[in-house]
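Throughout, read-outs are computed from the coordinates displayed, never taken from laboratory work. Given the structure is predicted, the values throughout are model-derived calculations rather than measurements.
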């Protein structure tokens, strides 16, 4: 038989309310803007998908630790080129989160990501 009042498997995770999560995201974005650690680019694309070329371009911009947010879809070659750089993360605009913003030194947004964020906060 079974045990009377035996152990019950359940999750003790606490979900944050949507409004609190949105407010945290707004504060993280504004903190990067105030610290002048926010860069807006036209687009994030790579011609050949080579890590060395992307690393050189990031060094020219003075980026050592960066989170790059692209539009709804990230360019495949750009994602492949950035995959092997340990201090660079690339996310689509839907995947933007407070943890990744605060973890990296500089936030890089494309114009498509900026439009996506504006639509999200309206």
Checklist outcome for this item: Taking Cα atoms only, Rg over Rh for the range 78-122 with Rh from the Kirkwood formula is 0.98
Item to check | Using alpha-carbon coordinates, inclination of helix 51-60 to the longest axis of the chain, degrees | outcome: 70 degrees
Checklist entry - To the nearest 10 degrees, how steep is helix 111-120 against the longest Cα principal axis of the chain, on a 0 to 90 scale? => result 30 degrees
Item to check | Dimensionless Rg/Rh of the range 18-120 - Kirkwood Rh, Rg from C-alpha atoms | outcome: 0.95
Checklist entry - What number, rounded to the nearest 500 deg cm²/dmol, is the helix-based mean residue ellipticity at 222 nm of the chain, given -39500 (n - 2.57) per DSSP H run of at least four residues and division by all its residues? => result -12000 deg cm²/dmol
